[in-house]
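Scroll down for the structure; my scribbles are underneath it.
Read the figures in this text as sums done on the coordinates, not as results from a lab. Everything numeric here is computed off the predicted structure, so don't read it as measured data. Every residue, glycine as well, gets a Cβ built from its backbone with ideal geometry; the counts of neighbours run over all protein chains shown.
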Amino acid sequence: MSTTFQVDDDQSEAAKPGCKPPDRICILGIRFDNLTMSEAVQAIVDRLDHPLPSQACFVNADCVNIAHRNPQYLDVLHKASLTLADGIGLKLAGLVHGIPVRDNVNGTDLFPRLCAELPGTGIKMFLLGGRPGVAGAAANWVAQNYPGVVIAGCQHGYFKPEEETTVIQRISDSGADVLLVAFGAPQQELWINRHLHQLGVKVAIGVGGLFDFYSGRISRAPLWMRKIGVEWLYRLYQEPTRLSKRYLLGGPLFLMRVLLAYAPRRKGTP
């Protein structure tokens, strides 16, 4: 797959001083909805009134690396109703090419903002994924902090293949409008894409390790680390075995892709 840093003609114009960043940008062949956190929440809420089900994806630097070796995952990202730039890596990539990425729109910070929009609406949420008990603990966090949010059901992600049909039916029977799937990328996005029209939900979102944070299983980095974009260091400290490849190898690989894709454009080649 090509590593070209694709930029629409109007993106370069929008990057000039005084111009509003474009609503759609393309970084390393992946199209993003260039939204602020508040705009992303509103975009998800708006999709709840759409007649067809929608898929929303959070994409960070690791996801970009995965998409470059997994064409099926890349295709799902292109088809998604919303593709949101998650993490400091995407902001740096935009900075290199002079296209401002408006915000770090990550699922962990978006989740409570979305919950704040739902009380009184009758919108129901289903939590799918994580280790046994984790989704339920995250649902308890919602009940304590946003008691007006209706949790239609919870299901851990360690079900057997032969149980999948039952899980899908359970989600559909629950009457849930919003489904959060925590399988990790790209499994969660591929799973949603395969089953979206069977699930009966209006919006399905892949949320990675979100339930681990809100269940209390894993603590988040201090606020100051999040603000300066080094939450990944804290996560690496917490789970070095699982995350060392993603951050210590994947991070430089992503940066190399960004710089290699930028070099030809800087020289003025088409």
Requested in this report: Show me 184-197, 134-147 ranked by packing, highest mean number of other Cβ atoms within 10 Å first.
Outcome: 184-197, 134-147
Report summary line: Checked the stretch 123-175 with the C-alpha gyration tensor, a ≥ b ≥ c its square-rooted eigenvalues, rounded below a/c of 1.5, otherwise prolate if a/b is larger than b/c and oblate if not; verdict oblate
Query raised in the report: What is the extension gain from residue 113 to residue 46, computed as 0.36 nm multiplied by their sequence separation minus the C-alpha to C-alpha distance, in nm to one decimal?
Result: 22.7 nm
Query - Footprinting exposure proxy for 97, 50 (fewest neighbouring C-beta atoms within 10 Å first) - result: 50, 97
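Ranking 213, 32 by Cβ neighbours within 10 Å, fewest first, what do you get?
Going from least to most buried by this count: 213, 32.
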Query raised in the report: What does the convex hull of the Cα atoms of the stretch 9-266 come to per residue, in Å³, rounded to a whole number?
Result: 135 Å³
Report summary line: Here the gain from full extension of residue 145 to residue 221, 0.36 nm per residue of separation minus their alpha-carbon distance, amounts to 25.4 nm
Query raised in the report: For the stretch 9-266: lysine pairs with Cα atoms under 19 Å, gap of 8 or more or different chains, count?
Result: 5
Requested in this report: Tell me what the chain gives for mean residue ellipticity at 222 nm when only DSSP H runs of n ≥ 4 count, each as -39,500 (n - 2.57), the sum divided by the residue total, rounded to 500 deg cm²/dmol.
Outcome: -14000 deg cm²/dmol
**Report entry** Sorted by Cβ density within 10 Å, fewest first, the residues 163, 117
**Finding:** 163, 117
Query raised in the report: Could you list log10 I(q)/I(0) for the stretch 72-130 at q = 0.20 Å⁻¹, which the Debye formula gives when each Cα is one point scatterer?
Result: -0.99
Requested in this report: Could you calculate the contour length gain from residue 121 to residue 162, that is, 0.36 nm times the residue separation minus the distance between their Cα atoms, to one decimal place in nm?
Outcome: 11.3 nm
Report summary line: 1/(1 + (r/R0)^6) with r = Cβ-Cβ of residue 230 and residue 131, R0 = 30 Å, i.e. FRET efficiency to nearest 0.05, evaluates to 0.65
Report summary line: Percent antiparallel among DSSP beta bridges confined to the chain, nearest 5, equals 15 percent
